[in-house]
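The values are calculated or read from the model by the stated rules, or taken from the named source; none is laboratory data. This structure is a prediction, so every number in the text was calculated from the model and none was measured. For neighbour counting, all protein chains shown are included, and Cβ atoms are generated from backbone atoms with ideal geometry for every residue, glycine included.
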Amino acid sequence: MKSELNLKKVIYGLGAIALAFGLWGFYLRFFVGERLVNYGSYVVWGLWVAMYLFYGGISTGSMMIASLDYLFGIRLFKGSGKIALWAAVVTMPAALVTIAMDLGHMERVWKVFLQPNLLSVMAQLVWGYSIFMVVLLAALWLVIRLESGKQDARPWLRFVMGVGLFLSIFLSGGVGALLGVNASREAWHTAMLPAQFPVFSLLSGCALMLTLLGWFAPADEKRPQQLRALSIGLLILLLVKTYYLWVDYSQALYAGTPVASEAVTLVLFGRYGWAFWLLQLGLGMVFPIAFLLSRRFQQSPFWSGVVGVAVLVGIAVARANIIFPMLSIPELEGLAQAFTGPHLNYDYYPSLMEWAVTLGVTGGAALAWLIGVDYLPFLKIKTQEVAQ
Amino acid sequence: MADEEKSMRLSRRNFIKIVGVAGAALASRRFLGGHTAAANRPRVELPELPAPPANADADVLLRMQEELARALKKPPSERRWVMVIDLRKCVGCHACTIACVAENKLPPGVVYRPVIEKEIGTYPNVSRLFVPRPCMQCEKPPCTPVCPVNATYTNEEGVVVVDYEQCIGCRACITACPYGARTSDFGYTYTEETPVADGLILGRERADDYERASNFEYGKGYDRPGDHGSPIGNARKCHFCLHRLHEGLLPACVTTCIGRATLFGDANDPDSLVAELISKPNVTVLKEELGTKPRVYYLV
């Protein structure tokens, strides 16, 4: 209990610092403009797009996890659904704010609603996210009713969660399609991408839930079993992800043609090779798999939380490794040298403002989740409820 | 403090005056009174320049100008604007790039028509290839269907255009373009680092007047505002100088090409120069395998 409090204090402190740093970034973005970013006309999408994929994946994945309780009624997860649902509620705005920062004219977002091109994947996603937010809020409202003893909310909640689960899969796959439809980008243009993304989302949701339950749920008799079930789920998903990674990279490298292998070579041995080997593979996959194989660690609340965070860091790096390297390959040989100017660069590293906004959004989402759990009465986990 | 600044300014002004007067004196001695090496050279009679050609056959520019006038008499949907770039004639002077920048008042970081340079072979068998790369104006453009708000589309003349007021700046079209032919406007001006020194130099506030004035792309006046309004924040691209075409003028890159390597016209006109050229076997397009059907052809 004491260690949980200390951990909360640390996260409150880190979240506040990150948010303050982020506010400075937001100030720069709004009052100085987009010129302080390092992405541009060649590396078109940068850290913010990668983080939008990351937060969006966590949100939709958390919705999938919440459905274990509210849609499928799995007894083991009874009472924990609201933690996952609240995580989905706070991370979806984080995703949307991050991607809004990336727009050259964010004041025109309304046009996607009133004058959309509904055949565009991006427009479909914007509509999908908006509906998803409504679904999340509706689910939250129904949970509040349920918590106050109004059992008539239960069938409605089940229906709303069903819609939410469908949207979670659709939106996760949609993000893969957003990249995959670019036929001239060899590493993206594969039907596997939209198929893989829902798995990545589920993995994100599972990792976050492992951390939240491990670090912040009351230490009742059900928690070790919940942690164990989530650990096994996470282990399977990590093995599937490892297989996907092997399939993607081996296909590209064995093809032997530069156009197919260029992006993968950049990921493995390029400027960010260290991030792949140390963070994505080492911290995000090898370390968690090794730990999760041990039954002793599967039931350790603290280490479960650590493993969850390690997996999330690995996923964040993986998202960046999907975006940056593919865009770092010139469309035509010699184009990089043909004309020079600001933002005409194939060598991307996020600017301080990009980091500030990203950290601010992360800090804001973490604080929002903690404040909700600490101060909103309906989010409190009752020990007896979990133990039922 | 103000007096000190004023006296410094005056002394600087005096210094410039002194330098100017001294320079003028030296120059007048050189050109008016002094004995120079040039004055001792024998006088050479320069040949007279020939009179401008009177008929269209004399210069392809005149022929294309006539064809343009003919095409403009047709309904827009019956025109098929095509650009042909003769790589054998391109000398890599970049005049087209500069003309495009000047015509469309492109800011730093925005380019519609860079010239890609390639060195081929190894010494002593070396040659250089110059590939101007405007927007390919694809018949099947991958950049338009990805736009979430229909801000970029193919107009009735077959030119892929951008509605700056509609564009939300998501850059999905830039990602989708296989030719890297779109760039994003991040709001720079070439003159923004120009120093300001009242009374001594023109200074940034006057120098950027030209950059901030309208550029007339798409036949509209797009000023360059300081408040991030369009075209700042938008994806931008070559549009075959539509605003010039509608006034009966060829695209800026065509008129400034010193080798007449860039040619333009209506491919639906069987008598046009471009229609003749794109029916030859030495014609090619970039990334043909994608099936985007570019309307920019290269002669090799």
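Some points to look at:
- Selection within the range A:130-156 - farther than 26 Å from A:Val49 by Cα and crowded, with 22+ Cβ neighbours inside 10 Å: A:Ala139, A:Leu142, A:Val143
- On inspection, A:Asn345 qualifies as under 20 Å from A:Val267 (Cα atoms) and within 14 Å of chain B (Cβ to nearest Cβ).
- Any hit, the range A:167-178, residues being under 21 Å from the mean Cα position of the chain (by Cα), assigned to a helix (DSSP H, G or I) and within 18 Å of A:Ala252 (Cβ to Cβ): yes
- Some residue of the range A:154-168 being within 29 Å of A:Thr190 (Cα to Cα) and polar (S, T, N, Q): yes
- 2 or more residues over 30 Å from A:Leu76 (Cα atoms) and either of a type in the set (A, V, I, L, M) or in contact with a Pro (Cβ under 7 Å, 6 or more places away or on another chain) (or both): qualifying helices (runs of 4 or more DSSP H) within the range A:269-388: A:301-327, A:335-338, A:352-375
- Checklist (1) more than 14 Å from chain B (Cβ to nearest Cβ); (2) over 18 Å from the mean Cα position of the chain (by Cα) applied to A:Gly363, failing item: (2)
- Pick from the range B:142-165, criterion more than 14 Å from A:Arg108 (Cβ to Cβ) and either acidic (Asp, Glu) or not assigned by TED's automatic domain parsing to the domain that holds B:Glu217 (or both), ranking: surrounded by the fewest Cβ atoms within 10 Å (Cβ to Cβ): B:Glu156
- The range A:32-41 - residue that is outside any helix (DSSP H, G or I) and touching a helix residue (DSSP H, G or I) at 6+ places or on another chain (Cβ under 7 Å) and, of those, nearest to the other protein chains (Cβ to nearest Cβ): A:Ser41
- Selection of the range B:142-152 for residues being assigned to a loop (DSSP other than H, G, I, E, B) and more than 7 Å from every other protein chain (Cβ to nearest Cβ) yields B:Cys143, B:Thr144, B:Ala151.
- Filter result for A:Trp246 (out of contact with any helix residue (DSSP H, G or I) (no Cβ under 8 Å at 6 or more places or on another chain) and farther than 19 Å from A:Ser172 by Cα): yes
- Per the listing A:Leu293, A:Leu352, A:Leu327, the residue uniquely among the hydrophobic types (A, V, I, L, M, F, W, C), surrounded by fewer than 18 Cβ atoms within 10 Å (Cβ to Cβ) and modelled with pLDDT under 95 is A:Leu293.
- Qualifying strands (runs of 3 or more DSSP E) (wholly inside the range B:153-264; at least 2 residues being within 23 Å of A:Gly33 (Cα to Cα), at pLDDT 85 or above and within 14 Å of chain A (Cβ to nearest Cβ)): B:182-184, B:235-237
- Odd one out for B:Arg70 among (1) in a helix (DSSP H, G or I); (2) out of contact with any Asp or Glu (no Cβ under 7 Å at 6 or more places or on another chain): (2)
- Answer residue from the range A:36-53, given it is more than 13 Å from A:Leu103 (Cβ to Cβ) and aliphatic (A, V, I, L, M) and is surrounded by the most Cβ atoms within 10 Å (Cβ to Cβ) among those: A:Leu53
- Selected residue (criterion: farthest from the other protein chains (Cβ to nearest Cβ)) from residues of the range B:121-133 that are surrounded by fewer than 24 Cβ atoms within 10 Å (Cβ to Cβ) and in a loop (DSSP other than H, G, I, E, B): B:Pro124
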